[in-house]
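Scroll down for the structure; my scribbles are underneath it.
Read-outs throughout are calculated quantities, based only on the coordinates presented, and are distinct from any laboratory measurement. None of these values were measured; they are calculated from a predicted model. Don't worry about glycine lacking a Cβ; one is built from the backbone with ideal geometry, like all the others, and counts go over all protein chains shown.
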Amino acid sequence: MRFSIKLFLIVVSCLTVAQAQQPSGLEPINFSKVTIRDRFWKPRIDQVTSTTIPVCIEQTEIKTPRVRNFEKVPRNAGEKHEGIFYDDSDVFKALEAIAYSLRNKPDPMLEKKADDWIDKIAAAQLPDGYLNTYYTLTDLNKRWMDMSMHEDYNGGHLIEAAVAYYEATGKRKLLDVAIKFANHFDSIFGPGKRHWVTGHEELELALVKLFRITKDRRYLELSNWLLEERGHRYAVGYTWTDWKDTAYAQDVIPVRNQREITGHAVRAMYLYTGAADVASYTGDQGYVDAMKAVWEDVVYRNMYITGGIGSSGSNEVFSVDYDLPNENAYCETCASVGMVFWNQRMNQLTGDTRYIDILERSLYNAANDGLSLDGKLFFYGNPLASDGRHKRREWFGTACCPSNIARLVSSLGNYIYASNSKTVFVNLFVASSTSIDLTSGKLSLELDSNYPWEGKVLVKVNPEKKKLRFPLAIRIPGWVLGHPVPGNSYTYLNYSGSQYALKVNGQPVAYNLENGYAVIEREWKKGDVLEADFPMEVRRVVAKPEIKEDVNRVALERGPLVYCVEHPDNDGKVMNLVLPDQIQLQTQFEASLLGGVQTISADVPVVVPTADGNGVVTEVRKMKAIPYYSWANRGQGEMQVWIPRKISGVRLSAR
Ligand SMILES: [Zn+2]
């Protein structure tokens, strides 16, 4: 099937075509309305602007041919495409990160760079709206023939970048390019037109973003149609595609019938984010039920304690239940970023904090681990143990992860607060301020905290009027209540939860616990302060026996952070450490270590070979554990999260 590129589309640049339906659940407060001054995250956000984004720009524009591919198209000089067919997406994701960064901190030079890229992208778009440098520079007759070639995935990232850049700068050149692309896709695919199953999901969630900003319901309907296309074996039935591995892309059964997690982890996260987005507008109970069941399959049986997912490195996929190897854990950074996206959407759909508990776990641990402390190096996979072979890299051939972690960190403000127009929800304890419009009136909030190192959270309420009656809902983290995760894959050892205190203006206050939130409804006056105090005790975690790699092992947590032991703090070796249950643990903040971290230490037995090499003995040594996200910043060497509880559990490394 061929298409003429003469198929012009009239680009609808009008931003109001139809009224958007109100979402069914709560809405996050957009990061553009949130000012972060958090001692943990603000330096990280600034560093992404000052270091990580320049790294992404240099790699995308100079060290690799990603931007150059766009430059070649309008020259029409027969130049070849360089790189991989999905490389366009890295340019778009870097642009999206730049957009968030510009919103956080205006920078004319950076904005000019983005505008230059946007000019090149716009110049590479064909008159009919098609935009993909791979096929444009190789053979246009082959476009839209093979679902596994990421044309839709690239287009999704184009749309996400365009929406972010429009919101950040008010400039709509890239948005018009994205609309033109979406209209091009819509002209070919949809009811009564051709079938299409996205080979790498992403366009679904992007189209919902385009719907939100344009209010054009066509994009929401197109996203819904893409979801409905899955699971009917259209791909297999088509003679024009080589797309065969349908399970890999969650295409075996219809999305609304899915109950188990399968296939490629990042694809799954983007698909379910898109499905939750669509359901939040349409109220489609089929998607809600499917998302809840699949989520339980992920969290109850297929997730690491770090909130990482996708254990198998062979094809970046979920394998079988409880198959969670530590040293060979894949846990792609993008999959953890996807967990943040999906869990936020699930919280929106349901108003339940269990999803924010997982979001927080993935964010502070598995995702945060994807970026080095200096902001220059990246992990693609995030293992939970190492014999020293793992190290962070400057870039990757498939470079999805660097710009993904950059765009997540620079848009962190999206995840702190939410509202359903009646109630204000505090989801994350990131020091920041925001303003919120409720139907009852306007207010601003100021959150102060030294989280994750300290558990005290102060929320100062300032209604625009003298006083305002509304419910303020603050998340009580599952870890405070004695549950590291929903389900029972991981449980605390000898810990059933802590007393936590909630006060208003220093006085204990009554509250209702609803879906994991403590809800305080009262007449709030200017300057009222809600104070929450979550005890920051060190806790031991054990895994259920089905997770074979963690049997007879223990992991350490404090607040939302998972800990690990790493070579520089432990005489170069950690595989021989033993942490018996009765040993006392101490904790202290070390300002000069790893940018300032709370460490956990103890005197523990270590297993060492005898002088003749024929046996082993134990001796006592000081063990020090650091937050997992901060490992692999001091050279290569041993690390592990799960420490043997008994000497018999020690597996000495070969090195
Ligand atoms: Zn990735």
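Net charge in the neighbourhood of Ser372 (other residues with Cβ under 13 Å of its Cβ; Lys, Arg +1, Asp, Glu -1) is +3.
Take the Cα of Ile84, step 7 Å toward its Cβ, do the same at Ala501, and the gap between the two points is 5.3 nm. Per-residue Karplus couplings for the range 149-154, computed as 6.51 cos²θ - 1.76 cosθ + 1.60 with θ equal to phi - 60°, are listed in order as 9, 6, 5, 6, 4, 4 Hz, Gly and Pro entered as x.
Note on the range 285-401: Rg/Rh from C-alpha atoms, Kirkwood Rh, equals 0.99. Here Val320 and Val616 are evaluated by their C-beta separation; at R0 = 30 Å the FRET efficiency comes out at 0.30. Karplus-based coupling profile of the range 185-195, in residue order and whole Hz: 4, 5, 6, 9, 10, x, x, x, 10, 7, 6, with θ = phi - 60° in 6.51 cos²θ - 1.76 cosθ + 1.60 and x standing for Gly or Pro.
As a proxy for reagent exposure, ranking Thr587, Thr610, Thr262 by other Cβ atoms within 10 Å from fewest up yields Thr610, Thr587, Thr262.
Sorting Val461, Val529 by the number of Cβ atoms found within 10 Å of their own Cβ, with the fewest placed first, yields Val529, Val461. Here the range 461-525 is described by how far its Cα atoms reach on the three principal axes: 48, 21, 16 Å, from widest to narrowest. Normalised size of the range 69-134, defined as Cα radius of gyration per 2.2 N^0.38 Å with N residues, equals 1.22. Relative to the longest principal axis of the Cα atoms of the chain, the long axis of helix 203-214 lies at roughly 70 degrees. Diffusion coefficient of the range 163-316 by Stokes-Einstein, Kirkwood radius over Cα pairs, 37 °C, 0.692 mPa s: 199 µm²/s. A cut-off of 5 Å between modelled amide H atoms, ignoring neighbours fewer than 5 places along the same chain, links Ile305 with no other residue.
Among the listed pairs Lys112/Lys215; Lys209/Lys376; Lys120/Lys376; Lys215/Lys442; Lys503/Lys526; Lys391/Lys622, a Cα-Cα separation exceeding 22 Å is found for Lys112/Lys215; Lys209/Lys376; Lys120/Lys376; Lys215/Lys442; Lys391/Lys622. Here the 3J(HN,Hα) profile of the range 360-369, calculated from phi with Karplus coefficients 6.51, -1.76 and 1.60 at θ = phi - 60°, is 4, 4, 5, 5, 6, 10, 5, 6, 4, 5 Hz, Gly and Pro shown as x. Amide H contacts for Leu579 (H built 1.01 Å from N in the peptide plane; partners 5 or more residues away or on another chain; cut-off under 5 Å): Arg645, Lys646. Taking the longest Cα principal axis of the chain as reference, the axis of helix 400-410 is set at about 80 degrees. From the alpha carbon centroid of the range 135-195 to that of the range 601-655 is 51 Å. For the chain, the C-alpha radius of gyration sits at 0.97 times the compact-globule guess of 2.2 N^0.38 Å, with N the residue count.
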